[in-house]
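Novice: First, the structure itself, so that you have it in front of you.
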Amino acid sequence: MNPSDDRLGRVRARPMSLAPQGIGIGPVRVRRRYGLHAMKSVFRFSASLLALAAAPAAFAQQAPAPDAAAAEDSDQITVTATRAPVNIDQVPASITVLDKAAIDRNQDIGATELLLRTPGISISRNGGYGTATSLRIRGAEADQTVVVIDGVKLNDPAATGGGYNFANLLVGDASRIEVLRGPQSILWGSQAIGGVVNIVTAAPEKALEGSFDIEAGSRETVSARAAIGGRTGPLSWRLGGQSFTTAGISAIAPAFGGKETDGYTNRSATGRAELALASNLSVEVRGYYSRGHTEIDATTGDSSDYSLNEEFVGYAGVNLDLLDGRLRNRFAYAYTDTDRDSYGPTRARPLSFESNGRNQRLEYQGSFAFTKRISAVFGLENENSRFRSRSPAASLATPLPAFARGNAEITSAYAQLSVEPIDGLTLNGGIRYDDHNRFGGQTLFAAGGVWRLSTGTILRASYGEGFKAPTLYQQFSEYGNTALDPERANGWEAGVEQQLFGRALTFGATWFERTTTSQIIFNSCTPSSTVPLCFVPGTTTRRSGYYSNVSRAVAHGIEAAGALKLGGFTLDGNYSWIVAEDRSPGTANFGKWLPRRPQNSANGSISYTFPFGLTTGAAVRWSGHSFDNAANTTRLDGYTLVDLRAELKAGDNLSVFARAENLFDETYMTAYRYGTLGRSIYAGIRGRF
């Protein structure tokens, strides 16, 4: 398996989710290693919360539930990617929130297509649906984004960068999707350098309820989704499932010889249940399962190869409220398991690659309301990761190689304090200490503020730090280097948003900057190389490459957005200018664009709902050019895509819909040599009861 990647060296939305994103300024970062002293400080801080709990409750309020999968309980736009429900106007960092209405209105099948409509997001995909898909936030690496489903952080420890492959993530039973931009390691730990994508599945609200979506269209594509749930006394539950299949396109673009289609099939299921044992005590379980079968091509052209991807996410938790809700506690166990296998049917030994990555996480999270204006979120985590992978030879005469194996453990403590010193002004600050069993201690800081003026103006500013430990693959695979150091990052943002006419009109802009150091890259070895790392450690056996810390990357830019809603008419759009560059001193690529990251991109949409229930709309996405390689010698041209969509209410609980994607059949690439979907037509029916 080729380990090379495209790293260095080689809501109700606001409205419709496209509304202005905030930015933040922060103090100059000061880096120190506090070791156990920092851990003890956090413990003392947590203990002080319990001591203060005895204070009079006259000025206290109930703390928000400490759960990133909590459901909205009011008409306000809330954010749970902050690890506790918070009004969107009290979040210092830039954020986009898509509620169920926005998700349905866009009609996208894959989560990637939906996220791509929001500011600061770019993707690259090695073909059609199901092929390797990388999502980048503000020009950060794809594996520097944390993905969360119902409060469980997802990543594959066996993946090259240890990140999450968006290829198999369908919209499914999602009721809300949030994108939190900028370094978020205080609350989400390692990997949250680019930002966080938080997906919340639907929670039941009625005694019995259900929903379904069925659609079909181009390339024999069929998608069917259904869910049912309800509340019965102290028990609430919901089950959902989705089946998706398509004949697909050639993974290799036709211009490079791709002729046969490469199909994709995905089956997924979600479930959740919560049982109230007392007015202040409940237990819950959640689960997510996905299995994808993807036909793939060789790098040189068509092939009969295929890959299987199986993901399982499990969660069990206990929620305990104390002191009339002023102190809320969550104790949880989370488990993720990802299996990836590749097969070449024409090989004597069909299995060409197999890997497994597992995470086990123990969590305690609490939230405490000191007063109506002062609250805190804090917690402890222990995460244990394991991986194994190997690439068997095609010849049956060659014995199966031993698995490359590795494991890591990280124990963390964090706390974030939020204060409202005067009406309309919210300030917060946080600290996190991570103790990695291989890389020691790391202390991170963050701070930010939001000022909501009576004029409808919102000023945002925030500063955050992040770090990402080398992945198990980067350390222990056949290309591994156990001497790697963690990647480190710091970033700030500042911005302004204006709301007029009761949020009917919003517009604003955000400026951000981020610096990443000690970035890990893959280095190729020539057959004659004498570099020690070009040999398998402890042997004279050559290898094709290795990982090392040699890179420095910087990113800065502007995100601007606006939205207007006037009766049944909605108009919104956003523009992102993101400069992401290799700034590694003394290298040939100094000042070059990071691969597959366009500097300019924009989205716009318009829709109108007629009184008789018909909604029609159009959307356009424009992306400027980018480069496929670190040397910027392979150019990916810019492109413009136009979509049309319509939906007609056929009753109180039923509607029919249709859409045309890439209406003008634009030919483009997000990864060199790989194909993309041409004009596509879909139609379906949707029910909610």
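The values are calculated or read from the model by the stated rules, or taken from the named source; none is laboratory data. Note that the structure is predicted; figures quoted are calculated from it, not measured. We place every Cβ from the backbone using ideal geometry, glycine too, and count neighbours over all the protein chains shown. Just so you know, the surface numbers come from the protein's heavy atoms only, side chains and all, with ligands and any DNA or RNA stripped out. Shrake-Rupley method; radii C 1.70, N 1.55, O 1.52, S 1.80 Å.
Novice: If you stretched the chain out fully between Val318 and Leu453, how much longer would it get, using 0.36 nm times the residue separation minus the C-alpha to C-alpha distance? Don't jump to the answer; show the numbers that get you there.
Specialist: Numbers: separation 135, 0.36 × 135 = 48.60 nm, distance 3.91 nm.
Result for the pair: 44.7 nm of gain on full extension.
Novice: Here is a follow-up. Would you compute, for the Cα atoms of the stretch 275-316, the largest minus smallest coordinate along each principal axis and list the three values in descending order, in whole Å?
Specialist: Result, largest extent first: 62, 12, 9 Å.
Novice: With Kirkwood's inverse mean 1/r over C-alpha pairs for Rh, give me the Rg to Rh ratio of the stretch 331-402, two decimals please. Walk me through the numbers on the way to the answer.
Specialist: Numbers: Rg = 22.1 Å, Rh = 15.9 Å.
Computed over Cα atoms, the ratio is 1.39.
Novice: Taking 0.36 nm per intervening residue step and subtracting the Cα-Cα distance, what contour gain separates Arg219 from Phe353 on full extension? List each step's numbers first, then the result.
Specialist: Numbers: separation 134, 0.36 × 134 = 48.24 nm, distance 2.86 nm.
In short, 45.4 nm is gained.
Novice: For the stretch 111-242, place one equal point scatterer on every Cα, skip the solvent, and apply the Debye formula. What is log10 of I(q)/I(0) at q = 0.16 Å⁻¹?
Specialist: Debye curve over Cα of the stretch 111-242, log10 I(q)/I(0) at q = 0.16 Å⁻¹: -0.89.
Novice: If you roll a 1.4 Å probe over the heavy atoms of the protein chains, what accessible area per residue do you get for the chain, in Å²?
Specialist: Details: 26610 Å² over 689 residues.
Ligands and nucleic acids excluded, the result is 39 Å² per residue.
Novice: Right, next: How much mean residue ellipticity at 222 nm does the chain get from its helices, if each DSSP H run of length 4 or more adds -39500 (n - 2.57) and you divide by all residues, to the nearest 500 deg cm²/dmol? Walk me through the intermediate numbers first.
Specialist: On the way: 5 runs with 38 residues, N = 689.
Using -39500 (n - 2.57) per qualifying helix, the result is -1500 deg cm²/dmol.
Novice: Please grab the % of Cα pairs in the stretch 532-642 that end up more than 26 Å from each other. It would help to have the intermediate numbers written out before the result.
Specialist: Details: 2896 of 6105 pairs.
Here the tail beyond 26 Å accounts for 47 percent of pairs.
Novice: What distance in nm separates the two pseudo spin-label positions at Asn280 and Asp485, each 7 Å out from Cα along the beta-carbon direction?
Specialist: With each label point 7 Å from Cα toward Cβ, the separation is 4.9 nm.
Novice: Here is a follow-up. Quick one: plug the Kirkwood hydrodynamic radius of the stretch 194-293 (C-alpha pairs) into Stokes-Einstein at 10 °C, 1.306 mPa s, and report D in µm²/s.
Specialist: In µm²/s, the coefficient is 97.
Novice: In angstroms, what radius of gyration and Dmax does the chain have, counting Cα atoms only?
Specialist: Just the Cα atoms of the chain yield Rg and Dmax of 24.5, 78 Å.
Novice: I would also like to ask the following. Where the centre of each part is set by its Cα atoms, how far does the stretch 121-143 sit from the stretch 492-536, in angstrom?
Specialist: When both Cα centres are located, 13 Å separates them.
Novice: Test of understanding: express the Cα radius of gyration of the stretch 139-195 as a ratio to 2.2 N^0.38 Å, with N the residue count. The partial results should precede the final answer.
Specialist: On the way: Rg = 11.3 Å, N = 57, 2.2 N^0.38 = 10.2 Å.
Dividing the Cα Rg of the stretch 139-195 by 2.2 N^0.38 Å gives 1.10.
Novice: Can you tell which of Gly613, Ser185, Gly163 lies farthest toward the positive end of the dipole of the chain, using +1 and -1 charges on the Cβ of basic and acidic side chains (Lys, Arg; Asp, Glu)?
Specialist: The Cα lying farthest towards the positive end belongs to Ser185.
Novice: Are there any chymotrypsin sites (Phe, Trp or Tyr not before Pro) in the stretch 634-676 that are in a DSSP loop and have at most 15 other Cβ atoms within 10 Å? List them by number. The partial results should precede the final answer.
Specialist: Numbers: sites: Tyr639, Phe657, Phe664, Tyr668, Tyr672, Tyr674; in loops: Phe664, Tyr668, Tyr672.
Hits after loop and neighbour filter: Phe664.
Novice: In the stretch 448-491, what trypsin sites (Lys or Arg not before Pro) fall in a loop by DSSP, with at most 16 other Cβ atoms inside 10 Å? Spell out each step's value before the answer.
Specialist: Details: sites: Arg452, Arg460, Lys468, Arg488; in loops: none.
Passing sites in the stretch 448-491 do not exist.
Novice: Taking 7 Å along the Cα-to-C-beta vector as the label spot, tell me the Leu400-Asn87 distance in nanometres, rounded to one decimal.
Specialist: With each label placed 7 Å out from Cα toward Cβ, I get 5.9 nm.
Novice: Over the alpha-carbon set of the stretch 572-621, divide Rg by the Kirkwood Rh and report the Rg/Rh ratio to two decimals.
Specialist: Working: Rg = 19.4 Å, Rh = 14.1 Å.
My calculation puts Rg/Rh at 1.38.
Novice: I need the peptides 219-228, 182-191, 568-577 ranked by packing, meaning the mean over residues of other C-beta atoms within 10 angstrom, with the highest value on top.
Specialist: On the way: 219-228: 17.7, 182-191: 27.0, 568-577: 19.2.
In descending order of packing, they fall as 182-191, 568-577, 219-228.
Novice: Once you compute Rg and the Kirkwood Rh from C-alpha atoms, what is the Rg to Rh ratio for the stretch 362-495? Walk me through the numbers on the way to the answer.
Specialist: On the way: Rg = 21.8 Å, Rh = 18.4 Å.
Reported Rg/Rh (Cα atoms, Kirkwood Rh): 1.19.
Novice: Still on this structure, please answer the following. How much space per residue, in cubic angstrom, does the convex hull of the C-alpha atoms of the stretch 450-609 take up?
Specialist: 151 Å³
Novice: Same structure, new question: Principal axis lengths of the stretch 296-443 from Cα atoms, whole Å, largest first?
Specialist: So the three principal-axis extents are 72, 32, 28 Å.
Novice: Project the alpha carbons of the stretch 374-428 onto their principal axes and report the range along each, largest first, in whole Å.
Specialist: That works out to 75, 21, 8 Å along the principal axes.
Novice: While we're here: Over every pair of different alpha-carbon atoms in the stretch 59-165, take the mean of 1/r and invert it; report that Kirkwood radius in Å.
Specialist: Numbers: mean 1/r = 0.0633 Å⁻¹.
About 15.8 Å for the stretch 59-165.
Novice: Which whole-angstrom value gives the distance between the alpha carbon centres of the stretch 302-343 and the stretch 163-239?
Specialist: 13 Å
Novice: For the pair Phe664 and Ile685, what calculated FRET efficiency results from E = 1/(1 + (r/R0)^6), where r is the Cβ-Cβ distance and R0 = 35 Å, to the nearest 0.05? Don't skip to the end; give the middle numbers.
Specialist: Values: r = 27 Å, r/R0 = 0.77.
Efficiency for this residue pair is about 0.80.
Novice: To make sure I understand the rule: partners must be lysines, Cα under 27 Å from the Cα of Lys592, and not fewer than 8 residues away in the same chain. Which ones qualify?
Specialist: By straight Cα distance, Lys592 reaches Lys468.
Novice: Additional query: Taking all protein chains as present, what is the carbon and sulfur share of the accessible area of the stretch 511-603, in % to the nearest whole number, probe 1.4 Å?
Specialist: Working: 2540 of 4090 Å².
Looking at the stretch 511-603 in its full context, I get 62 percent from C and S.
Novice: Further question: Please list the radius of gyration and Dmax for the stretch 283-345, considering alpha-carbon atoms only, with Å as the unit.
Specialist: Expressed in Å, the Cα Rg and Dmax of the stretch 283-345 come to 20.5, 65.
Novice: Do any GluC sites (Glu not before Pro) in the stretch 572-676 lie in a loop, going by DSSP, with at most 16 other beta-carbon atoms within 10 Å of their beta carbon, and if so which? Could you put the intermediate results ahead of the total?
Specialist: Values: sites: Glu581, Glu647, Glu661, Glu666; in loops: Glu666.
Those satisfying the criteria are Glu666.
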